[in-house]
1. Residues with amide H under 5 Å of Phe124's amide H, sequence separation 5 or more or different chain, H placed in the peptide plane at 1.01 Å from N; which?
2. Below 16 Å, Cα to Cα, which aspartates and glutamates can Lys136 reach? Residues fewer than 8 away in the same chain don't count.
3. In nm, what is the difference between 0.36 nm times the number of residues separating Lys22 and Gln298 and their Cα-Cα distance?
4. Output ³J(HN,Hα) for segment 121-133: one whole-Hz value per residue in order, computed from phi by the Karplus curve 6.51 cos²θ - 1.76 cosθ + 1.60 with θ = phi - 60°, and x for Gly and Pro.
5. From Cα pairs below 8 angstrom and at least 6 apart in sequence, can you work out the relative contact order of segment 1-136, rounded to a whole percent?
6. With no solvent and one point per C-alpha, what does the Debye sum give as log10 I(q)/I(0) for segment 260-310 at q = 0.32 Å⁻¹?
7. Loop-only check: which trypsin sites (Lys or Arg not before Pro) in segment 177-224 are DSSP coil with at most 12 other Cβ within 10 angstrom?
8. Please state the relative contact order of the chain as a whole percent: Cα pairs under 8 Å, 6+ residues apart?
Amino acid sequence: MNLLSTENFELILAEDLETLVKFDDHGLLIGPGESLKDYAGRLELLNKNISELADELTENGEVELAGFRFNDTDAIPQPIFQSAESRTRDLYDFGINWVPGFFTNKQMGILFAGCAMYSREDSFAVFVIRKAFQWKEMWIIYSRTELMAHELCHIAHIGFDTKNYEEIFAYQSSESRFRRVCGGMLRTSADTYLLLFSVFVLLVAQLVNVAVRPPADWGKFPMPMIFSMTFLTIAFICSRYIFYMNRFRRAVKNLARLFDRRYSLPILFRCSETEIEKISKFHSDATLREWLNLNRQQSARWRVILQKYDTTSGNA
């Protein structure tokens, strides 16, 4: 990657805003609280890891990653990345074309379409998607472009910890309004397991209840308690999601009052959870401007954000 050159790393350390904006454009975002020294170090390690992967593929024709073994012929070609890159650029103003990716059916579940594996500590990311996508855009209900755009959002956020908004951001890349609105409800695998477990317990309890008890006793203990636990689990997940989605929308609306509307989502995408919360609570444009200018003074990350999206006279 020409972008990840020693010269550019030196420009990062010198806080050259033009260079930092260029990296931002490629989805290499500065994380909240990350110094430019740490940021440059993360990118240097990323460059080293990608180069080593490319060298191993060239020399051996195959590579092993996270328990998967890939051949060089399994690599996802750049043209397939382009539609996903275009979607994330339209949505969040970044396009990632540097992530290695491979087609495979190994260790894939029956309905598993693919994912991105990434680690901030190892400064590395890789795509794994089902081989069916090698020849077509759709597989069962999955869109290749949507799947890749979704995962590219996660990869761009490798330096962030936005658990309550991460899936909300990623699902905005969906063509389905339903998925854009409801897709982020389950934040983590733990949420999914909790929901499935509560529904499964209710199902098993009801089957046993109907099988061994007379109809007059179907509504007796412990069924009301089990129904209540399942209902409360679903209600908790839904109400939590509504709370964070409303905060997300308020933050977008507040930013749209100060910036070109098309910049609201890109700016919010580059914010920490605490910053999203603060932006959502501002009722005064002047107070929000003051807060943004303070961030500009204190944070290189915010200087990059406002360099890109502040089209006023140089002050947010």
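1. Ser119
2. Asp74, Glu146
3. Value of the extension gain: 97.3 nm.
4. Result, rounded to whole Hz: 4, 8, 6, 7, 8, 8, 8, 9, 10, 4, 5, 4, 6.
5. 20 percent.
6. -1.52
7. Lys220
8. 15
Values quoted throughout were computed directly from the atomic coordinates according to the rules given, and no laboratory measurement underlies them. Note that this is a predicted model, so its numbers are computed, not measured. Note that each Cβ is placed from the backbone with ideal geometry, even for glycine, and that neighbours are counted across all protein chains shown.
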